[in-house]
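What follows is calculated from the coordinates using simple rules that are stated; it is not laboratory data. A quick note: this is a predicted structure, and the numbers were derived from the prediction, not measured. Here the Cβ is made from the backbone with ideal geometry for all residues, glycine too, and neighbour counts use every protein chain on show.
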Amino acid sequence: MSLRRHLAAMPLVAILRGLKPEEAPDAFAALVKAGFRIIEVPLNSPRPFESIAYLAGRAGADQLIGAGTVLSVEEARAAREAGARLMVAPNCDPLVIAAAEAHGMATLPGVATPSEGFAALKAGADGLKLFPAELLPPAAIKAWRAVLPAGTLLLPVGGVTLANMADYVAAGADGFGIGGSLYKPGMTAQELGDKARAFVERCRELFDLKS
């Protein structure tokens, strides 16, 4: 699966909430240079489908472009038409998961309870976005690991920082979605690149990845 392959190479998803299409070129260049492979544009950003289309047009085999905050079947279809190959949501809606899967997209729905997690997997989710991570400490991830199917992809999102990543990895996290700790609207490409490199270096240490 494309999602699993990309996460194995660099287990980070850059969440660019608030990105404007005109900022997409510099953001893409900074993130790719730093080592990110998965980039998500939430749909509550300005003209998100334009940004997704640009990123998808620039992405090569080593990059996976996603749409985030996908809340409806129609949004899933529009995201795929713009070029997204990954659907990320803050919630678990089986209809949206099925629609994204039908359009050939990998899916990362948001879940906050084991019941939601099992429902998402039953609906065909490729992995689980554990959201918000502020309310799901590493101890919760460890407990989920004991009951979820072996190999389930678990990505904490929301409140992930350089300081707390190690505890999540020790508990069984497969990667992370990084939003406000990485990107804020209006920041320069240099600032984004500096933050991106710090997260990449931390992941290489924690997951024992080659540079």
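Of note:
- Computing volume of the Cα convex hull per residue in Å³ for the structure here picks out one of [x] 195; [y] 102; [z] 112, namely [y].
- Other-chain or far-sequence residues with amide H under 5 Å of residue 176's (modelled H): 12, 13
- Nitroxide proxy distance, nm - points 7 Å out along Cα→Cβ at residue 204 and residue 44: 3.5
- Going from the fewest other Cβ atoms within 10 Å to the most, the residues 12, 130, 209 appear in the order 209, 130, 12.
- ³J(HN,Hα) computed for each position of the stretch 20-25 - Karplus, 6.51 cos²θ - 1.76 cosθ + 1.60, integer Hz, glycine/proline x: 9, x, 5, 8, 4, x
- Alpha carbon centroid spacing (whole Å) that separates the stretch 1-48 from the stretch 117-158: 21
- For residue 102 and residue 135, the difference between the fully extended length at 0.36 nm per residue and the C-alpha to C-alpha distance is 8.7 nm.
- With θ taken as phi - 60° and the Karplus curve 6.51 cos²θ - 1.76 cosθ + 1.60 applied, the whole-hertz 3J(HN,Hα) list for the stretch 12-17 is 9, 10, 7, 9, 9, 5 Hz, x standing for glycine and proline.
- Taking amide hydrogens as placed 1.01 Å from N in the peptide plane, the amide H of residue 107 sits under 5 Å from those of 87, 126, 127, each at least 5 positions away in sequence or on another chain.
- Between the amide H of residue 153 and those of 128, distances stay under 5 Å, these residues lying 5 or more places away or on another chain, with hydrogens modeled in the peptide plane.
- Helices in the chain, meaning DSSP H runs of at least 4 residues, each add -39500 (n - 2.57). Divided by all residues, the mean residue ellipticity at 222 nm is -13500 deg cm²/dmol.
- Only lysine pairs 8 or more places apart, or on different chains, with alpha-carbon atoms under 17 angstrom apart are counted in the stretch 2-207, and they number 4.
- Modelled label reach - residue 211, point 7 Å along Cα→Cβ, the stretch 19-55 residues with backbone N closer than 14 Å: 34-35
- Converting phi to 3J(HN,Hα) with the Karplus coefficients 6.51, -1.76 and 1.60 and the offset θ = phi - 60°, the stretch 63-68 yields 10, 10, 9, x, 10, x Hz in sequence order, with x at every glycine or proline.
- The stretch between residue 4 and residue 188 holds 63.2 nm of extra length on full extension. This uses 0.36 nm per residue minus the Cα-Cα distance.
- Relative contact order, whole percent, for the stretch 2-207 stands at 22, derived from Cα pairs under 8 Å and 6 or more residues apart.
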